[in-house]
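Just below is one structure, and these are the notes that go with it.
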Amino acid sequence: MTPTPTTVTTVTRAEYCVVACAEAWRGDGEVLAAPMGTVPTIAARLAKLTFAPELLLTDGEALLIGDVPAVGARSAVTEGWLPYRRHLTMVMGGRRHVMMGASQIDRFGNQNISCVGDWRQPTRQLLGARGAPANTLNNPVSYWIPRHSPRVFVERVDMICGVGYDSAAAAGPSATRFHELRRVVSDLGVFDFATRDRAMRVVSLHPGVTADEVRAATGFPLSPPEGPPPDGTTREPTAEELHLIRAVLDPAGLREREVPAP
């Protein structure tokens with residue numbers, strides 16, 4: 001009897017990144033997920049459909065949505081009205097977990113999206129600080145960085161927009177009370193600040209990524225783990241998660257544009 005052919009499914013780097021970003025919202029309960037970027041948007045919706053059903057999602061403009069459409073598709077179910085002023089109220093109340101980007105991030109989690117170089121005469125003008133200071137002082141924050149390089153992971157940011165652990169500590173209790181940097185996900189791995197001095201450490205590397213590759217792409221020494229070492233390798237997506245990513249949430253494959261195959 002001829003055996004039935006099997007299909008080998010190769011998980012792409014982008015799909016590992018989606019799963020790693022989704023894990024940032026695990027256990028959050030009923031909070032607003034605020035993803036910035038294609039991979040985080042897919043990830044928040046994946047978390048909603050699997051292990052974090054209580055997450056609140058928006059259409060990216062002014063509505064709370066009750067369904068989980070594909071990226072770029074219009075929602076068919078509206079649960080509430082969330083204009084900008086109400087969104088800011090949620091930020092100040094801590095009922096949101098945002099995953100922001102970073103033009104620069106340092107070993108204590110200070111983030112820069114404003115300028116490169118001396119702020120009085122920068123060599124590059126970027127977005128501006130926008131809501132980063134309030135985000136980092138009032139609700140959980142994670143970061144998504146699709147191109148891990150020494151230009152992004154720097155020893156010290158040129159301007160502090162998102163507040164890192166050392167800056168919050170220097171500012172005192174008013175800054176540290178609700179300050180929480182959950183994790184940093186890049187195209188190379190997952191990082192957090194679960195060390196004694198709140199310096200960035202490796203949680204896991206995506207399959208195919210080496211420790212030497214990460215060290216060469218990071219402009220500061222990553223802290224060694226304290227206590228039991230992290231798992232080491234970013235977890236595999238389940239068969240259900242792969243189906244949701246590929247057939248339901250991102251059938252157009254936009255994730256592969258943000259994180260091309262290495």
Scan the stretch 187-220 for residues that are part of a strand (DSSP E or B) and farther than 19 Å from VAL163 by Cα and report the count. 6
Just the residues that are polar (S, T, N, Q) and at pLDDT 95 or above, please, taken from the stretch 11-59. THR12, THR38, THR41, THR50
Cβ-Cβ under 9 Å pairs, at least 6 apart or on other chains, the stretch 83-108 side free of Cβ contacts under 8 Å to residues at least 60 places away in the same chain, far side open to solvent by 50 Å² or more (accessible area, probe 1.4 Å) and in a strand (DSSP E or B): SER103/ARG124
Is it the case that GLY109 is open to solvent by less than 50 Å² (accessible area, probe 1.4 Å), on the phi > 0 side of the Ramachandran plot and not acidic (Asp, Glu)? yes
Reported set for the stretch 249-262 where residues are more than 21 Å from GLY189 (Cα to Cα), surrounded by fewer than 16 Cβ atoms within 10 Å (Cβ to Cβ) and among the aliphatic types (A, V, I, L, M) is ALA252
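Quick test for you: out of ARG130, ARG182, pick the one residue that is surrounded by fewer than 23 Cβ atoms within 10 Å (Cβ to Cβ) and part of a strand (DSSP E or B).
On the way: ARG130 fails: part of a strand (DSSP E or B).
Selected residue: ARG182, the only one of ARG130, ARG182 that is surrounded by fewer than 23 Cβ atoms within 10 Å (Cβ to Cβ) and part of a strand (DSSP E or B).
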Yes or no: ARG198 at pLDDT below 95 and closer than 28 Å to ARG95 by Cβ? no
Going residue by residue through the stretch 226-234, is there one that turns out to be small (Gly, Ala, Ser), under 27 Å from VAL68 (Cβ atoms) and either in contact (Cβ under 8 Å) with a residue 24 or more places away in the chain or surrounded by fewer than 19 Cβ atoms within 10 Å (Cβ to Cβ) (or both)? no
Which of the numbered conditions does LEU205 fail, given that it passes all the others? Conditions: (1) of a type in the set (A, V, I, L, M); (2) open to solvent by less than 60 Å² (accessible area, probe 1.4 Å); (3) more than 30 Å from THR9 (Cβ to Cβ). (3)
For a quick check of your reading of the model, give me the residue pairs whose first member lies in the stretch 17-38 and is of a type in the set (Val, Ile, Thr), whose second is open to solvent by less than 10 Å² (accessible area, probe 1.4 Å), with beta-carbon atoms closer than 6 Å and at least 6 apart or on different chains. VAL18/VAL39; VAL18/ILE42; VAL18/ALA43; VAL18/ILE245; VAL31/HIS97
Working carefully through the options ALA211, ALA252, find the one that is free of Cβ contacts under 8 Å to residues at least 12 places away in the same chain and among the aliphatic types (A, V, I, L, M). ALA211
Enumerate the strands (runs of 3 or more DSSP E) found wholly within the stretch 26-101, keeping only those where 2 or more residues are surrounded by fewer than 20 Cβ atoms within 10 Å (Cβ to Cβ). 63-65, 78-81
Considering the stretch 137-152, residues that are hydrophobic (A, V, I, L, M, F, W, C) and in a strand (DSSP E or B), and then whichever is nearest to ALA43 (Cα to Cα), we arrive at TRP144
Within the stretch 211-262, take every residue that is modelled with pLDDT of 95 or more and hydroxyl-bearing (Ser, Thr, Tyr) and give me the one that is nearest to ASP106 (Cα to Cα). THR218
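The values are calculated or read from the model by the stated rules, or taken from the named source; none is laboratory data. This one's a predicted model, so the numbers in the text were calculated from it and none came from an experiment. Note that we place each Cβ from the backbone using ideal geometry, even for glycine, and neighbour counts take in every protein chain shown. Note: areas computed on protein heavy atoms with side chains; ligands, DNA, RNA excluded. Shrake-Rupley method; radii C 1.70, N 1.55, O 1.52, S 1.80 Å.
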